[in-house]
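Chemist: Quick one: structure below, then a few questions.
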Amino acid sequence: MFSARRISLKSISGFNPKFASTLAFVESSNNKITPASLSALNAAKKLNQPITAILVGKTSAKIVKDELPKYSANIEKVLIAPDSKYNHYLPEEVSPLLQSILSDSSNDFTHFIVPSSFTGKSLLPRVAAKLNVQPISDIIAVEGPSTFQRFIYAGNAIATIKSSDSLVLASVRASSFEPLEAGAPKELAVQELAYVEPEAKVEAEWVGENIMKSERPDLGSAKYVVSGGRGLGSKENFDKLIDPLAKSLNAAVGASRAAVDGGFVDNSLQVGQTGKIIAPDLYIAVGISGAIQHLAGMKDSKTIVAINKADDALIYNVADYGLVGDLNEIVPELTQKINDAKGA
Ligand SMILES: Cc1cc2nc3c(=O)[nH]c(=O)nc-3n(C[C@H](O)[C@H](O)[C@H](O)COP(=O)(O)OP(=O)(O)OC[C@H]3O[C@@H](n4cnc5c(N)ncnc54)[C@H](O)[C@@H]3O)c2cc1C
């Protein structure tokens, strides 16, 4: 049983690679481990030390039974906290649990890894503040047990960061790590944890969620993405041009912040520094100028195609292919050609 004592690992053990081990937070959605969590597990694997996965909420037992064994080659142990208070990853509820595990000196955790998801981003600073350690957010590479790379200046430079904390807390940028590969399933040792009462009364309450329904693939994990910007002019034009092009490629739809602010699409489709950070095989930017905040979310894409009437648009600096001209003419023609090639 984990106690809720608040003792910094730094003061207990100091960094001792002999006993190093990693606690990895695994999120799920629709009874599946999220792709971002699989990328975070892959980052955890690069630390070359035993990994303990922690899952919370009522679906945790099912996932541990049906899904997690496929990744057991890289996971040594599993903790589950099935209490229904953890069902919706409310950070006010989940962070006291994590704090209690990480501050328990019998656990020997030297690293705590979360995906850079909405949940991970809410948990990491809370846990770090309570444990008095410096979190490292959005790592893009693991160079050693305490050395990591992350982007700075909206993705225009890479910083190499060395942590001096004996407990390293990091969030992982999913687009920088392949998801952990599945293998032959093997039974895992599972320990069940009880609910940890937060120190203060939790005022936040999960009321409900409004999930955008779309026939298109999920933006965060799609292989192909078609994004539209302010150049489309209106929601009607966005729907008229972007949706058919995305459909022809079975691509996800994305958008610039200007398109979101203009009400063309829901803000869950925003790509960029303050939106989703993605690295699909193909990214088509339509009527997007290429501001650094947008590039920060897509410039790792393998192939970038830009459609813009201004031949000096910044987006062309990162594009592999550029179609200079009026998107109102180019996009329908491109969509038609793709459909013709498919024999549709
Ligand atoms: C703190 C901060 C965070 C931000 N975060 C984000 C973010 O996460 N994501 C994001 O996208 N932005 C973000 N922004 C906003 C960003 O700076 C830009 O304002 C935004 O990306 C511009 O969107 P856009 O390219 O669609 O619009 P614009 O810059 O207005 O570009 C429109 C483009 O469409 C082209 N165009 C117009 N008509 C046509 C036509 N008929 N045919 C072809 N091309 C045409 C124009 O040549 C132009 O290049 C952020 C800004 C700040 C300050």
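Chemist: If you roll a 1.4 Å probe over the heavy atoms of the protein chains, what accessible area per residue do you get for the range 9-192, in Å²?
Modeler: Ligands and nucleic acids excluded, the result is 43 Å² per residue.
Chemist: Calculate the FRET efficiency for Glu215 and Lys162 from the Cβ-Cβ distance with a Förster distance of 51 Å, rounded to the nearest 0.05.
Modeler: Here the calculated transfer efficiency is 0.65.
Chemist: Using a 1.4 Å probe on the protein heavy atoms, what percent of the accessible area of the chain belongs to carbon and sulfur?
Modeler: 50
Chemist: Please list, in chain and number order, the residues 5+ apart from Ile139 or on another chain whose amide H is under 5 Å from its amide H, with Hs placed from the backbone.
Modeler: Excluding prolines and chain starts, which carry no amide H, the hits are Ser171, Val172, Arg173.
Chemist: Rounded to a whole number of µm²/s, how large is the Stokes-Einstein D of the range 193-246 at 37 °C and 0.692 mPa s, given Rh as the Kirkwood radius over C-alpha pairs?
Modeler: It diffuses with D of about 212 µm²/s by this estimate.
Chemist: While we're looking at this one, here's another question. Show me, bin by bin at 5 Å from 0, the whole-percent P(r) of the range 9-192 based on Cα pairs.
Modeler: 1, 8, 18, 23, 22, 16, 8, 3, 0
Chemist: Which whole-number value in Å³ per residue fits the convex hull of the alpha carbons of the chain?
Modeler: It comes to 143 Å³ per residue, whole-number rounded.
Chemist: Here's a follow-up. In what sequence, largest accessible area first, do Asp165, Asp326 appear using a 1.4 Å probe?
Modeler: Asp326, Asp165
Chemist: How much net charge surrounds Asn308 when only the other residues with a Cβ under 12 Å from the Cβ of Asn308 are counted, with Lys and Arg +1 and Asp and Glu -1?
Modeler: Its environment carries a net charge of -1.
Chemist: For the chain, what is the relative contact order in percent, using Cα pairs closer than 8 Å and at least 6 residues apart in sequence?
Modeler: RCO, the chain: 15 percent.
Chemist: Which net charge results for the neighbourhood of Ser39, defined as the other residues with beta-carbon distances under 10 angstrom from its beta-carbon, given Lys and Arg at +1 and Asp and Glu at -1?
Modeler: Around Ser39, the surrounding residues sum to 0.
Chemist: Magnitude of the Cβ-charge dipole of the range 9-192, K/R +1 and D/E -1, about the Cα centre, nearest 20 debye?
Modeler: 160
Chemist: Which residue fluctuates the most in the chain, going by a Gaussian network model with Cα springs under 10 Å, if the choices are His294, His111, His88?
Modeler: For the chain, modelled as a Gaussian network with Cα springs under 10 Å, the answer is His88.
Chemist: OK, next. Give me the net charge of Gly290's neighbourhood, meaning all other residues with Cβ under 14 Å from the Cβ of Gly290; Lys, Arg count +1, Asp, Glu -1.
Modeler: +1
Chemist: Given 20 °C and 1.002 mPa s, how large is the Stokes-Einstein diffusion coefficient of the range 224-342 in µm²/s, with Rh as the Kirkwood radius over Cα pairs?
Modeler: 157
Chemist: Lysine pairs, Cα distance under 21 Å, 8 or more residues apart or cross-chain: how many in the range 224-342?
Modeler: 14
Chemist: Let me have the 222 nm mean residue ellipticity of the chain computed from DSSP H runs of 4+ only, each contributing -39500 (n - 2.57), with the sum over all residues rounded to the nearest 500.
Modeler: Rounded to the nearest 500, the figure is -8000 deg cm²/dmol.
Chemist: Measuring from label point to label point, each 7 Å out along Cα→Cβ, what is the Lys62 to Ala279 span in nm?
Modeler: Here the answer is 3.2 nm between the modelled labels.
Chemist: Using the Cα centre of the range 132-223 as the reference point, and only Cβ charges (+1 on K/R, -1 on D/E), how large is the resulting charge dipole? Debye, rounded to the nearest 20.
Modeler: 460
The values are calculated or read from the model by the stated rules, or taken from the named source; none is laboratory data. Values in this document were obtained by computation on a predicted structure and should not be read as measured data. Quick reminder, even Gly has a Cβ in these numbers, built from the backbone with ideal geometry, and neighbours come from all protein chains shown. Surface areas here come from the heavy atoms of the whole protein model, side chains and all, with no ligands, DNA or RNA. Shrake-Rupley method; radii C 1.70, N 1.55, O 1.52, S 1.80 Å.
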